[in-house]
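Notes to accompany the following structure.
We did not get these values from a lab; they are worked out from the coordinates using the rules stated. Here the structure is a predicted model, which is why all the values come from computation and not from measurement. Cβ sites come from the backbone with ideal geometry, for glycine too, and all protein chains shown count toward neighbours.
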Amino acid sequence: MLCVGLVVVWSLWLLYSKLLAEVATDPVAKALIESGSLQSNFAVIFDMIARSVGAVSAQAYVLAGLSALAAYAALAWYDRIALIYLNRHRGISWPYIATCSFVTYALGHNLGASVLSGGMVRLRAYCAKGLSPGEVAVLVGLTSFTFGYGMMLLMSIVFVVEPQIVQSLVSIIPRLNLPAPLVQLIGAGMMALCALYVIGSWRGFKPLRIRTLYVFYPKLPIVTRQLIAAPLEIVAAAGIIYFALPEAGNPGFMIVLGAFLLSFSAGLLSQTPGGIGVMEAVFLAVVHTIPPSDVIAALLVWRLMYLLIPLAISLPIVIAFERAQLRMPN
């Protein structure tokens, strides 16, 4: 917990420093900062971000909202794929799967430790449909793998196409001062691992043995679904931010996607709820062609569409489900 707290404080300080530096470019704002207190500095920064949020067009909000819907639809597909793998998809409707998945990820993304918090939701929901705790554990594992696989696949593409993106993080992590050819080589290696998974399924490789644990390759129809669902969810989630960014200085979708992959991964590793502070720090380091206030505004739109609105919708669903379970005879 102490480590997580330090990461959050460090990230928020970087964020504050970046925004303060931008505000200082305006002579009037600079005078206010130099003569003001920490509280007044926050007020100036808040006003600047509020103007950036207000500058996001209605069309951008609509496109961002559609991207969020596409992302959560793909997340529901994760659960459906896992149920097909377990051969337990019959008798469980798409609306039930979509609702369970929506609540799972809405809570997991906001609370942190998504595997644990999401696993509890799935355990309650799918055990009510007859799955055993062991089957739910496999389902959670496969959905997590599907997401991780999609992250690795897209990251490998970004590293090969836009290797300079790693250099953007040197100011945060000096060890990432890697030459572009090396980054491309790492990306190619990641892509080869992704391809090996597909080939192993296609050719029916023997199970991978890790001590007493055997990992079986899913059949090709399952892998094919994973190849579509995982990138779709991540691309759609990154699309929320892309559409909310201004056109002036926009580095293009591939850079935004790379920034999202790096920042979201950092947020997951830090275990901070919603990756607060961590995502902003990474995004500001990568997307440096746009004013920091506009980047923060786009991330606020993402948090609204991808985190806060789903959380607000999911809480009544959880309460309604638990009430229904209590009314059922034992």
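Computing FRET efficiency as 1/(1 + (r/R0)^6) for A312 and S144, where r is the C-beta to C-beta distance and R0 is 30 Å, gives about 0.75.
Couplings 3J(HN,Hα) of the stretch 160-165, computed from phi: 6, 7, 10, x, 5, 4 Hz, in residue order, whole Hz [Karplus 6.51 cos²θ - 1.76 cosθ + 1.60, θ = phi - 60°; x for Gly and Pro]. Here's the picture: charge each Lys and Arg Cβ at +1 and each Asp and Glu Cβ at -1 in the stretch 61-325, and of M305, A98, F216 the one pushed furthest to the positive end of that dipole is F216. Each listed q (0.09, 0.10 Å⁻¹) maps to a log10 I(q)/I(0) for the stretch 61-325 from the Debye sum over equal C-alpha point scatterers, namely -0.43, -0.53. With 0.36 nm allotted per residue and the present C-alpha distance subtracted, the A50-M120 stretch has 21.5 nm of extension available. Listed values for the stretch 194-202 are Karplus-derived 3J(HN,Hα) couplings in whole Hz (6.51 cos²θ - 1.76 cosθ + 1.60, θ = phi - 60°), namely 4, 5, 4, 4, 5, 5, x, 5, 5, and x replaces Gly and Pro. Listed from fewest to most Cβ neighbours within 10 Å, the set F260, F216, F159 follows the order F216, F159, F260. The ranking of D294, D47 by Cβ neighbour count inside 10 Å, starting from the fewest, reads D47, D294.
Around A82, under 12 Å between beta carbons, what's the net of Lys plus Arg minus Asp minus Glu among the other residues?
On the way: positive: R80, R88, R122, R225; negative: D79, E135.
Within the 12 Å Cβ shell, the charges total +2.
Report the relative contact order of the stretch 132-241, percent, no decimals, based on alpha-carbon pairs under 8 angstrom and at least 6 residues apart.
Working: 81 pairs, mean separation 31.0, N = 110.
This gives 28 percent for the stretch 132-241.
Considering only L193, I241, A266, and ranking their Cα positions along the charge dipole of the stretch 61-325 that arises from unit charges at the beta-carbon of Lys, Arg, Asp and Glu, the one farthest toward the positive end is L193. For the stretch 61-325, the relative contact order is 28 percent, taking Cα pairs closer than 8 Å that sit 6 or more residues apart in sequence and dividing their mean separation by the residue count. The distance linking the stretch 129-166 with the stretch 227-269 is 16 Å (Cα centroid to Cα centroid, whole angstrom).
What order do you get for V53, V235 when you list them from fewest to most C-beta neighbours inside 10 Å? Don't skip to the end; give the middle numbers.
Numbers: V53 16, V235 19.
So the ranking, lowest neighbour count to highest, is V53, V235.
Each residue, T289 and F253, gets one label point 7 Å from its Cα in the Cβ direction; the gap between the two is 1.6 nm.
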